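K.L.:
Quick one: this structure, given as structure tokens, is what I'll be asking you about.
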Amino acid sequence: MSMTARAKRIAERLLPPSTRARREEERRAAAARDAEERRLARIAARRAALLAGDPRLRAFTPPRDGTATAQDTGQGTGRSEGIRLLGRVVERFTAAEASARNLDLVTEALRGAGIDHFMVPGRSPLRYVVGVHRSDKKAFLTAMRELHADSAVYAARPGPQGRVTDYCAYADGALSDAVKSGLTIRFAEQLLSPRGDLFAGFEYGCDVEFWRDGSSVLKSARATDALERLRVKVPADAMADALLAPRPNRIADVLPATERVPATLTVQNRELPTYRPFSHRRAEEVAFPVDVVYTWVDGSDPVHADKRARYRGQRSDLASHAANASRYTDHEELRYSLRSLQMYAPFVRNIYVVTDSQVPYWLDAGEPGITVVDHRDIFTDPGVLPVFSSRAIETQLHHIEGLSERYLYLNDDVFFAGPVGAEHFFHANGIALLPFSSHQIGVGPPIPEEVAPNWAGKNARELFLDSFGATITHKVRHAPFPQIREVHRELEERYREDVERTAASRFRHPDDIAMATTLHQYYALLSGYGVRGEYRTRYVDIGTDTAADRLAALAAGAEGDYDFLCLNDFDTPPERQEAVSRMVRDFLERRFPFPSRFEKEGEPVGGPDPEISVAA
């Protein structure tokens, strides 16, 4: 040691203890900063190499919801603004495929390492759950590291309500202790649209649960707490040979040795291992087919427009909104509604599009699973045709040949905004879940210039007061409407005069009933065919001055979680139609950018040279 260094050490020893402690803390802090800078530099280099080697990968800033803590992301630890994640750009997307893709990331590693595993009936419909014995945890994490070290796969710690509380990218280095120490770890890729919007994040990840032997849990110091958390309560001696789950699931969190009989589950056409108690359909699951029926019109078609104008000229008693141009304007909503259905509603069996001798230019009507139905094929009395009122058309939808007994009716301006199952609309016994609104119908008889749903609601109220001695008060939501054909047959028989009058009404009229909406939903409630359901919806009148701001907020995820979206064109002035149409298409192209299998290849949105703007 040099004289200078020896003198410096002696000088430090003569300093007051508090000063020595402060300097030591400063040295440790400086060393930690240097180490963190080197770590971040290594992460940046690995990310740069990864992004350069795979053009499908992209760094992005996720929507901020305040639910996650980033680890090893190049932004340090803890909550941070502007955290950059790695995502993979995809050319097609469905929620079911996103979940299955993350399941594959896990099962590929498990199979490669020869680790026994089994499918677990998780509590969320968004993601799959795989069970692994606790003793295999280290081998499994090693296998995941070897398989996904140079990828954009993330590992995360699930928290309350399924949200993640910590996450790490494999490409960024070792997993944090907060993630790998848990008895449940979630693995996921972040999936992006070509324009960089996040379509699947941690919510679609695959959860791996590490199940423990009951005997080891019983011997642990925290046995009492562990047993108290179990949903299945059995005597302690019956748990000795059982496997215990780290959290509840839909079937049982205690699995005795006698019940661990191998079985399989089919996921996206793949057979995966499970145990017999986890292989059966649950009583709550819908097993009957559910179809979808759309009504659609292209009011810009010259033939249809001329026909409509000719018949409208014969009527002088119509309300101002009964046959306005907005009611027939096509913003290609059907194209995007079908995209949303393919993305989020895999349970649908067949789709029927009911039209007046029209077919969308972009629709591949020969694709299996979709059928174009003409008004002439379903109207009991074709002599009342043509009709230009959806109320008239709705009286005949249940006549579609081959239609399932229980189906959904959608206007083409309604979209699925998130994953839903048939159980969202029906109980397993066939009882419908009805989408009632908080908006009221009002009292008294129909008023000519009030909105048409009020007309239909008031007319239905008079019918039900007479039939059931009960009044109705609320409208129904703009959502997919669950329908039961038997209910329609009863309505057709019980209120024949009203049904026939509405079916023959060419344009909306204050005397109409709304057979598929208000009348069906309340009759189902009063007759035992349905009960009130929970529908998370968003509604935008696209012709209002605030529509652009609402669409921007929806695109940015600023309006919270919702399952269904309606973009209704109530009465857009003619001079604004072109701008509104572009605004709507901009929004829909961003929200539902992945073509469905029902679209013809090479048919651009809006026809040739659509000139899509950025109005929204």
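K.L.:
Out of the residues in the range 340-355 that are under 21 Å from Pro593 (Cα atoms) and in contact with an Asp or Glu (Cβ under 8 Å, 6 or more places away or on another chain), state the one that is surrounded by the fewest Cβ atoms within 10 Å (Cβ to Cβ).
P.N.:
Val348
K.L.:
Just to be sure I understand the filter: pairs with C-beta atoms under 8 Å, separated by 6 or more residues or on different chains, first member in the range 19-45 and free of Cβ contacts under 8 Å to residues at least 40 places away in the same chain, second member surrounded by 10 or more Cβ atoms within 10 Å (Cβ to Cβ) and assigned to a helix (DSSP H, G or I). Which pairs pass?
P.N.:
Within 8 Å, the pairs are Arg20/Glu12; Arg23/Glu12.
K.L.:
Could you list, in sequence order, all residues of the range 80-127 that are outside any loop (DSSP other than H, G, I, E, B) and touching a Cys at 6+ places or on another chain (Cβ under 7 Å)?
P.N.:
Within the range 80-127, Asn102, Leu103, Leu105, Val106 meet the criteria.
K.L.:
Separate question: Can you tell me which of Thr395, Thr473 is under 30 Å from Glu559 (Cα atoms) and not charged (D, E, K, R)?
P.N.:
The conditions single out Thr473.
K.L.:
Among the residues that make up the range 171-192, is at least one of them closer than 30 Å to Leu554 by Cβ and modelled with pLDDT under 95?
P.N.:
no
K.L.:
Continuing with the same structure: Considering only residues that are part of a loop (DSSP other than H, G, I, E, B) and over 19 Å from Ser340 (Cβ atoms), which ones fall in the range 540-564?
P.N.:
Gly543, Thr544, Asp545, Thr546, Ala558 - these are the residues of the range 540-564 that are part of a loop (DSSP other than H, G, I, E, B) and over 19 Å from Ser340 (Cβ atoms).
K.L.:
Just for the range 541-583: of the residues that are touching a Phe, Trp or Tyr at 6+ places or on another chain (Cβ under 9 Å) and among the β-branched types (Val, Ile, Thr), which one is least open to solvent (accessible area, probe 1.4 Å)?
P.N.:
Ranking the candidates gives Ile542 first.
K.L.:
Related question: If you scan the range 240-259, which residues turn out to be free of Cβ contacts under 8 Å to residues at least 40 places away in the same chain, crowded, with 16+ Cβ neighbours inside 10 Å and either closer than 13 Å to His133 by Cα or not small (Gly, Ala, Ser) (or both)?
P.N.:
The answer is Ala242, Leu244, Asp253, Pro256.
K.L.:
Which residues, taken from the range 217-239, are out of contact with any helix residue (DSSP H, G or I) (no Cβ under 8 Å at 6 or more places or on another chain) and touching a residue at least 24 places away in the same chain (Cβ under 8 Å)?
P.N.:
Taking the range 217-239 and keeping what is out of contact with any helix residue (DSSP H, G or I) (no Cβ under 8 Å at 6 or more places or on another chain), we get 219, 221-222, 224-225, 228-235, 237-238.
Answer for the range 217-239, where residues must be out of contact with any helix residue (DSSP H, G or I) (no Cβ under 8 Å at 6 or more places or on another chain) and touching a residue at least 24 places away in the same chain (Cβ under 8 Å): just Leu230.
K.L.:
Filter the range 200-215 down to residues that are surrounded by 21 or more Cβ atoms within 10 Å (Cβ to Cβ) and closer than 30 Å to Phe594 by Cβ, then give me how many there are.
P.N.:
8
K.L.:
Right, here's the next one. Please determine, by comparing only the residues of the range 128-143 that are part of a helix (DSSP H, G or I) and in contact (Cβ under 8 Å) with a residue 12 or more places away in the chain, which one is most open to solvent (accessible area, probe 1.4 Å).
P.N.:
Arg134
K.L.:
Follow-up. Name the residues in the range 540-589 that are of a type in the set (Asp, Glu), closer than 25 Å to Arg508 by Cα and in contact with a helix residue (DSSP H, G or I) (Cβ under 7 Å, 6 or more places away or on another chain), would you?
P.N.:
Asp541, Asp569, Asp571
K.L.:
Same structure, new question: Would you be able to tell me the number of residues in the range 269-283 that are part of a loop (DSSP other than H, G, I, E, B), touching a residue at least 60 places away in the same chain (Cβ under 8 Å) and surrounded by 15 or more Cβ atoms within 10 Å (Cβ to Cβ)?
P.N.:
So the count comes out to 0.
K.L.:
Any idea how many residues of the range 356-396 are part of a loop (DSSP other than H, G, I, E, B), open to solvent by 60 Å² or more (accessible area, probe 1.4 Å) and closer than 20 Å to Lys307 by Cβ?
P.N.:
Residues of the range 356-396 part of a loop (DSSP other than H, G, I, E, B): 356-362, 364-369, 378-381, 385-389, 395-396.
With open to solvent by 60 Å² or more (accessible area, probe 1.4 Å) added as a condition, the list becomes 357, 359, 361, 366, 368, 380-381.
Next, from what is left, pick out any that are closer than 20 Å to Lys307 by Cβ: 357, 359, 361, 381.
Residues that pass the stated criteria total 4.
K.L.:
Just give me the residues in the range 492-501 being of a type outside the set (Asp, Glu) and in a helix (DSSP H, G or I), in sequence order.
P.N.:
Correct list: Arg494, Arg496, Val499, Arg501.
K.L.:
Further question: Can you name the residue in the range 1-60 that is modelled with pLDDT of 75 or more and not in a helix (DSSP H, G or I) and is also surrounded by the most Cβ atoms within 10 Å (Cβ to Cβ) among such residues?
P.N.:
Within the range 1-60, the match that is surrounded by the most Cβ atoms within 10 Å (Cβ to Cβ) is Leu57.
The values are calculated or read from the model by the stated rules, or taken from the named source; none is laboratory data. Nothing here was measured: the structure is a model prediction, and the numbers come from that model. Quick reminder, even Gly has a Cβ in these numbers, built from the backbone with ideal geometry, and neighbours come from all protein chains shown. Calculation scope for accessible area: heavy atoms of the full protein, side chains included, ligands and nucleic acids excluded. Shrake-Rupley method; radii C 1.70, N 1.55, O 1.52, S 1.80 Å.
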